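Right, one structure below, let's go through it.
Just so you know, all these numbers are worked out from the coordinates, no wet-lab data involved. Quick caveat: nothing in here was measured; it's all calculated off a predicted structure. Cβ placement follows ideal geometry from the backbone for every residue including glycine, while neighbour counts extend to all protein chains displayed.
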Amino acid sequence: MKLSQTWRQCAGLFRIYIQDGLAYKASGIIWVFTDVATAITMPLVWIAASKSGSIRGFTGSDLVLYYLCLLMLTSFIVCHFMWDISNEIREGVFSAHIIRPVPYLRFIMVRNLAWRCVRSLIFFPWFVVILWFYSSAIQAPHLNLSWTFWCSVLLGHLVSVTMVTALAMIALFTQEAQAIFELYYFPMLFLSGQMFPLALFPPWVKQLSTFLPFYYTTGAPTEILIGRTTGDRVLFVLGMQLTWVVLSVLAFKVLHRRGMRHYASVGM
């Protein structure tokens, strides 16, 4: 009975926020434009750079394939909800969540999933155009679409949303949380593989990324998809993704519980 009630709650919230996302398509289109700009420029840069030969084992075709796959996966995986949560806490909207019968983390996960689905839907036509534009630069791609890839996509999404939601709980303690959020993006952009494939970095950076959560959001699923991560390494990556989901959920629970005491003590 409890499981069916949970399912109905999640399905109801999902429908509400799908409608909300479709009602405010302009914000989604703006975010898509920023991704399109990166997708058009970065492969062109690497095509020019790789004319004299491969770069750390990447040919120009490999780099174009990497960025296109990364772009499509990023549209679904990456979560930026800490800004919304921070604003809701500062404006007092967060107080409504205290009396809702849905656990807050579950609410955020369903809300974010709905937005990710809408955003991916808006982005897909642009992706088709970009794929056509670069089709001549991609040579015989071999994509791994096995169950390990789909598991890595789901776990990458969960790593992103749970980590960001835990980070957002800092806003319960301070009004300057948004400055802290800005610091999050520097390691995230580089160590997640969104700026450059991690294989292009020095060995110590690749080693560091193994122990941090950023790579396990977008970099890991992308490398599994294009065949850069294979064999036992795939199972290691899936295990690390699951580990970071668990650690992020625990961090959220601790910060949320202690943050709620602070939130209530200031009269919100």
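Details
- By the helix-only formula, in which each DSSP H run with n ≥ 4 contributes -39500 (n - 2.57) and the sum is divided by residues, the chain has a 222 nm mean residue ellipticity of -24500 deg cm²/dmol.
- Positive-end ranking of P141, N112, T210 along the dipole of region 2-265, with charges on Cβ about the Cα centre, is headed by N112.
- When only Cα pairs below 8 angstrom with a gap of at least 6 residues are kept, region 155-268 shows a relative contact order of 46 percent.
- Tail fraction, Cα-Cα pairs, region 2-265, threshold 32 Å, whole percent: 26
- Cα-centred dipole magnitude for the chain, charges only on beta-carbon of K, R (+1) and D, E (-1), debye, nearest 20: 640
- The value of relative contact order for the chain, using C-alpha pairs under 8 Å at least six residues apart, is 26 percent.
- Screening the chain for whole DSSP H helices of 15 Å or more along their axis (Cα) with average Kyte-Doolittle hydropathy at least -0.5 returns 2-23, 25-49, 60-77, 104-133, 147-168, 177-191, 232-265.
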